[in-house]
Amino acid sequence: MTTVSAYAAPSASEPLVRTTIERREVGPNDVLIAIRYAGICHSDIHTVRGDWGPIAYPQVVGHEIVGEVVEIGADVATHAIGDRVGVGCMVNSCRECENCLAGMENYCLKGNTQTYASVDRDGTITQGGYSTHIVVDADFVLKVPENIPYEAAAPLLCAGITTYSPLSHWNAGPGKRVAVVGMGGLGHVAVKIAAAMGAEVTVLSRTLDKEADARAFGASHHYATSDASTFEKLANHFDLILNTVSAPLPLDDYLALLRLDGTMVNVGAPAEPLPITVFTLFGNRRSFAGSGIGSIAETQEMLDFCAEHGIAPETELISAAQINDAYERVLSSDVRYRFVIDAETFRGEAS
């Protein structure tokens, strides 16, 4: 085992603190990554605060990870020392179920091994990217293209694939009207990706405060959902609605914006249930769906797509000492648009 510096949540109610954790020794198919940057995702906050259920503490979160390969196992042929790589939301799967064999390990029927707060193959609880180093099975390590800015690449490993996967699966592209609900960490990336795919993109946000940004990112339209007339103007309008908001919404109002055979896909994950009136779905043969990240192959496809189209998240670089303040700012929507932690600042004596 190797001891590394990290920031961990001691409990659901305490601030994150500097500490040390143990990483397993590098196995035959493992890669040791020196983490350079780690993004802050709303999921990190939900997890450590127990919003999605109890977890084991202390817990290191973070599943938007980029860094440099510093050691490889004897059987690793896909990565080399010095490679610029990334790790997203999962680090293993059963590799035997129908979905894994189909290359969709993100939908592993036995449950994929999450990057943090998950039971690892050795029975320990996985610890995430708020640390200086991580050991990951090489099959779950991505190649980060050189022309994506290093510190901006981290959020693509969650926000990027979480939005790219449904946009790709539901065929966002020329001739399609796509609405993105919310212009936060996920939403602003979704706008950039959908626009690059060739779709006509509309942002649905509570206010018009981010309209200039939305248009700069590629949106053609921006409407305030706090204005009731928005839902009248846009009734039966969209082919695809991507909901990136991690809070309850009046789903029936949004579903009514779908045209014939349109689909609303939820990628935001609020702690509360989301009620739907089934008769809203009957109208226009609408569908309501969910989407969870993407496979490793699709995540690599997303990274290559973003490199080709010059897509990178808008980020604010912070130190580890600013994590707790950043959490509060995320909860108050006071970030444009994703916090990224300089992993060098995780170093220091354990508290």
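Rule-based calculations on the coordinates, nothing more; no lab input. Treat the numbers as computed from the prediction; the structure is a model and nothing was measured. Here Cβ is always computed from backbone atoms with ideal geometry, including for glycine, and neighbour counts include all displayed protein chains.
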Across 10 Å bins beginning at 0, the whole-percent shares of Cα-Cα pair distances in the chain come to 6, 26, 34, 24, 10, 2, 0
In debye to the nearest 20, the charge dipole size for the range 159-290, taken about the Cα centre with +1 at each Lys and Arg Cβ and -1 at each Asp and Glu Cβ, equals 280 debye
The rounded separation in angstrom of the Cα centers of the range 93-108 and the range 223-284 is 31 Å
Note on the range 26-109: alpha-carbon gyration tensor, axes a ≥ b ≥ c; rule is a/c under 1.5 for rounded, else prolate if a/b larger than b/c, else oblate; result oblate
Any residue on another chain or 5+ positions along whose placed amide H is under 5 Å from the amide H of Phe339 is listed here as Ile40, Glu316
Filtered hits (lysines, Cα-Cα < 22 Å from Lys192, offset >= 8 within chain) -> Lys143, Lys176, Lys210
Residue separation between Glu308 and Ser333 times 0.36 nm, minus their alpha-carbon distance, gives in nm 6.0 nm
Counting only DSSP beta bridges with both partners in the chain, the antiparallel fraction in percent, to the nearest 5, comes to 55 percent
Inter-part gap, Cα centre of the range 120-183 to Cα centre of the range 42-74, in whole angstrom, is 13 Å
Length-normalised contact order of the range 159-290, Cα under 8 Å, at least 6 apart, in percent, tallies to 21 percent
